[in-house]
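Data first, discussion second: the structure below is written as structure tokens.
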Amino acid sequence: MNIIVCLKQILDPLIPVRDFRIDPELRAAVQGSASLVTNIFCENALETALQLRERAGGKITVLAFGAPSAEDSLRKALAMKADDAVLVVNDGNVHPDPMAVARVLAAAIRKIGAFDLVMLGRESGDWGAGQTGGLLAEELGVASVSFVDAIEVADGESHLKLHLKRQTDTGWERVAAPTPLVVTVTNDEHNVPRIPKTRDVMMSYRQPLAKWTLDELGIDAAAVRAGGDYYRVVDLSIPVRETKCELVSGDSLEDKVSDLAARILQVTRAM
Amino acid sequence: MSDVVVFLFSSSGPDRATEGALGAARNLADSLGGRVHAVLVGASNEALMRASAAVADAVLIADDPALAEYQPEACLAALVQISRMISPRAILLGNDAYSQELAPRLAHRLGGSATGDAVELAVDDGRIRARRPVYGGKAVAVIELLQSPAVVWLRARAFAPAEARDPSGATVTRLAVDVASAGGPRIIERAVEDAGESRLEDARVIVSGGRGLGGPEPFRDLGEVASLIGGQLAASRAACDAGWAPPSWQVGQTGKKVAPGLYLAVAIHGASQHLAGISDAKVIAAINIDPDAPIFKHCSFGIVEDYRKVIPLLRTQLAAQKK
Ligand SMILES: Cc1cc2nc3c(=O)[nH]c(=O)nc-3n(C[C@H](O)[C@H](O)[C@H](O)COP(=O)(O)OP(=O)(O)OC[C@H]3O[C@@H](n4cnc5c(N)ncnc54)[C@H](O)[C@@H]3O)c2cc1C
Ligand SMILES: Nc1ncnc2c1ncn2[C@@H]1O[C@H](COP(=O)(O)O)[C@@H](O)[C@H]1O
């Protein structure tokens, strides 16, 4: 099984609201003291891929399109025991649109070679477009399934080689799917990303890592550098939302909880 | 070319979300000077048809047996065919999992542009713009869709329902689609998790638990509190990732977007990604041991205490005061 996992490096989405700043001109967040991390859903995807490889064998290539710093995300993935890593260097545009990204990833995947499964996160923690997976599937001309949280290789000779479990609004579905296939992965208790061992982190810096430029991919690199022609961000702002929280009062815990219960019932009775 | 298509899965609704989607379509079509085509996908649904006819100019029923149960490739092929028949300027969908799965691929096949989780739509000089939360709810962006059609999946409850009109003004047509040959992945089993009385999206009261609960058992105690006030249970991502609650209970940016009259957050920190799912709640209340937890910046009232001390007392108090 040849698996490609697409990883995006993003600004740490867990920084507190009070530390979050934007550049209204650039229409993007300012890094400030925040660190760069791998998007959590990409790590859920990689974890799902690692578990699949444990059972079905095969090879996992991690692929990122990003600034040179995205090498750190790929190194971490190697430390988690991905086999190969490819960085397509983004030399300038802070926010290429999802179609531009999908075209870059598709070109890189064609250059990597034959694949059975391409795995992405359901959405990224910065812009949260939630559409790179679908667009990439169309670019590659293969089917896709979203919100997957577990993958098995089916028994027998059916052309529907993979059995996926995926989340729906009310529960889950099992999907039988052929390869090659694109899936987007969501979080579940079973795909919480593993923590790499310190030794493997050190080792990962000695492993080879391919770096490709946009010009090597045989796509319209200038269009990607310009950000793409799919959508553009015309405004970015930080919403102001002020609520005043009243903490319940009372001398004892009993009094406080009695006040809490009264307030709760006041709200529910008014509904 | 100035018409608006809204795709509604007939397995749902009519509910506040389908009303919002229809309202959004009406407004957008009026701004564009076009018509609204409500397309009902799946087995026929009389109530949804009537609700659609009261808002749309045309109701199209796509009830081909191949669409009765959702299969991704067949449904995508159908949506592409229907869109090509109408050639709309914009296509709207809800924010259910199926709509999110299909929207980008639909946009790609039609040569259009997609965006999602829109909470507001506008037309600026003929171009369609969508407002949506980004950076985990810490910022709001306005996205201009450069290609036509604009394909947008909506946070449908954020849009006001349209004023109902005389439904007999709308034409109702059945649509034939040809999706028999659509192969690809097949859904072979569907499971519905115990969801309580109604869908979380429609719940009037929600009691939600976070990582601070420390395990699965406390959800049972929260369940007792919830049942005293007609509420349903939900959870933060951390509690779902720990396996204490099923994934379908997750509320937030990548979980359910809920809009209850009361949301009681127990041992939930209030990360922006969690808050992104409860911005439409009328009243938020919190139980948290940490006075500096950001949830307290977003709630109307709360208590700074260990939930383990609060919950048993709260149960007794609610039961007593209800009388
Ligand atoms: C891209 C992305 C998408 C995400 N989507 C979602 C989403 O949809 N939904 C979501 O919820 N999260 C989401 N998250 C995760 C989110 O950022 C937080 O990590 C998560 O919400 C934290 O859950 P929590 O508040 O339960 O846990 P914690 O952050 O660990 O907070 C636990 C809280 O419990 C309190 N506590 C501890 N013990 C007690 C006690 N005995 N009594 C009372 N209080 C106590 C603590 O003070 C603390 O405030 C997302 C993150 C990313 C990056
Ligand atoms: N620049 C990128 N490089 C690699 N993968 C990406 C990139 N952007 C998006 N992805 C993948 O697409 C998923 C969804 O991202 P998005 O559509 O931007 O929300 C991410 O979780 C990644 O798996």
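The values are calculated or read from the model by the stated rules, or taken from the named source; none is laboratory data. From a predicted model like this one, the values you see are computed outputs, not experimental measurements. In this analysis, Cβ positions are derived from the backbone assuming ideal geometry, glycine residues included, and neighbour counts consider all displayed protein chains.
General remarks:
- Looking only at residues of the range A:111-127 that are closer than 16 Å to A:Val183 by Cα and within 7 Å of another protein chain (Cβ to nearest Cβ), we find that the one that is surrounded by the most Cβ atoms within 10 Å (Cβ to Cβ) is A:Arg122.
Let's see how each residue does on (1) among the hydrophobic types (A, V, I, L, M, F, W, C); (2) in a strand (DSSP E or B):
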| site | (1), (2) |
| --- | --- |
| A:Glu138 | no, no |
| A:Ser146 | no, yes |
| A:Leu160 | yes, no |
| A:His163 | no, yes |
| A:Arg174 | no, yes |
| A:Thr184 | no, yes |
| A:Asn187 | no, no |
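- Of all the numbered requirements in (1) under 30 Å from B:Ala239 (Cα atoms); (2) more than 7 Å from chain B (Cβ to nearest Cβ); (3) within 24 Å of the chain's Cα centre (by Cα), A:Asp169 misses one, and that requirement is (2).
- Scan of the range B:278-291 for residues that are of a type in the set (D, E, K, R) and more than 10 Å from every other protein chain (Cβ to nearest Cβ), ordered by number: B:Asp280, B:Asp290
- Complete set of residues in the range B:77-116 that are more than 9 Å from chain A (Cβ to nearest Cβ), more than 16 Å from ligand 2 (Cβ to nearest atom) and assigned to a helix (DSSP H, G or I): B:Ala77, B:Ala78, B:Leu79, B:Val80, B:Gln81, B:Ile82, B:Ser83, B:Arg84, B:Met85, B:Ile86, B:Leu110
- Of the residues examined, B:Ala141 is one that is free of Cβ contacts under 8 Å to residues at least 12 places away in the same chain, crowded, with 18+ Cβ neighbours inside 10 Å and farther than 24 Å from B:Arg109 by Cα.
- Meets criteria (more than 16 Å from ligand 1 (Cβ to nearest atom), crowded, with 18+ Cβ neighbours inside 10 Å and under 20 Å from B:Ile284 (Cα atoms)) for B:Gly231: yes
- Filtered by the rule that a residue be touching a residue at least 40 places away in the same chain (Cβ under 8 Å), surrounded by fewer than 21 Cβ atoms within 10 Å (Cβ to Cβ) and within 11 Å of ligand 1 (Cβ to nearest atom), the range B:257-307 gives B:His269, B:Ile289.
- Matching option when the condition is more than 29 Å from A:Arg18 (Cβ to Cβ) and either within 16 Å of ligand 2 (Cβ to nearest atom) or touching a residue at least 40 places away in the same chain (Cβ under 8 Å) (or both), among B:Leu313, B:Leu222: B:Leu222
- Single residue of the range A:82-99 satisfying the filter (more than 10 Å from ligand 2 (Cβ to nearest atom) and of a type in the set (Asp, Glu)) that is nearest to the other protein chains (Cβ to nearest Cβ): A:Asp91
- Qualifying residue in the range A:179-197 (condition: in contact with a Cys (Cβ under 9 Å, 6 or more places away or on another chain) and within 17 Å of B:Glu189 (Cβ to Cβ)): yes
- Top-ranked residue of the range A:136-146 - restricted to ones that are surrounded by fewer than 24 Cβ atoms within 10 Å (Cβ to Cβ) and out of contact with any His (no Cβ under 6 Å at 6 or more places or on another chain), ranked as nearest to the other protein chains (Cβ to nearest Cβ): A:Ala143
- Residue that is surrounded by the fewest Cβ atoms within 10 Å (Cβ to Cβ) [pool: residues in the range B:127-138 that are free of Cβ contacts under 8 Å to residues at least 60 places away in the same chain and more than 7 Å from chain A (Cβ to nearest Cβ)]: B:Arg127
- Test for A:Gly133: is it surrounded by 24 or more Cβ atoms within 10 Å (Cβ to Cβ), assigned to a loop (DSSP other than H, G, I, E, B) and within 16 Å of ligand 1 (Cβ to nearest atom): no
- Qualifying residue in the range A:6-23 (condition: within 16 Å of the chain's Cα centre (by Cα), β-branched (Val, Ile, Thr) and in the same structural domain as A:Ala150 (by TED's automatic domain parsing)): yes
- Taken over the range B:53-76, the residue count meeting the criterion of being more than 14 Å from chain A (Cβ to nearest Cβ) and charged (D, E, K, R) is 3.
- Residues of the range A:115-129 include at least one that is over 19 Å from A:Ile60 (Cβ atoms), without any contact (Cβ under 8 Å) to a residue 24 or more places away in the chain and within 16 Å of ligand 1 (Cβ to nearest atom).
- Residue match in the range A:87-98 (condition: part of a helix (DSSP H, G or I) and either within 29 Å of B:Pro133 (Cα to Cα) or modelled with pLDDT of 95 or more (or both)): yes
- Unique residue being touching a strand residue (DSSP E or B) at 6+ places or on another chain (Cβ under 6 Å), assigned by TED's automatic domain parsing to the domain that holds A:Glu71 and either touching a residue at least 12 places away in the same chain (Cβ under 8 Å) or not polar (S, T, N, Q) (or both) when the list is A:Ser204, A:Ser158, A:Ser144: A:Ser144
Yes/no matrix, rows are residues, columns are (1) buried (at least 21 other Cβ atoms within 10 Å of the Cβ); (2) modelled with pLDDT of 95 or more; (3) within 18 Å of the chain's Cα centre (by Cα):
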position	(1), (2), (3)
A:Ala129	yes, yes, yes
A:Ile151	yes, yes, yes
A:Ser158	no, no, no
A:Val182	yes, yes, yes
A:Trp212	no, yes, no
A:Asp215	no, yes, no
A:Arg232	no, yes, no
A:Asp235	no, yes, no
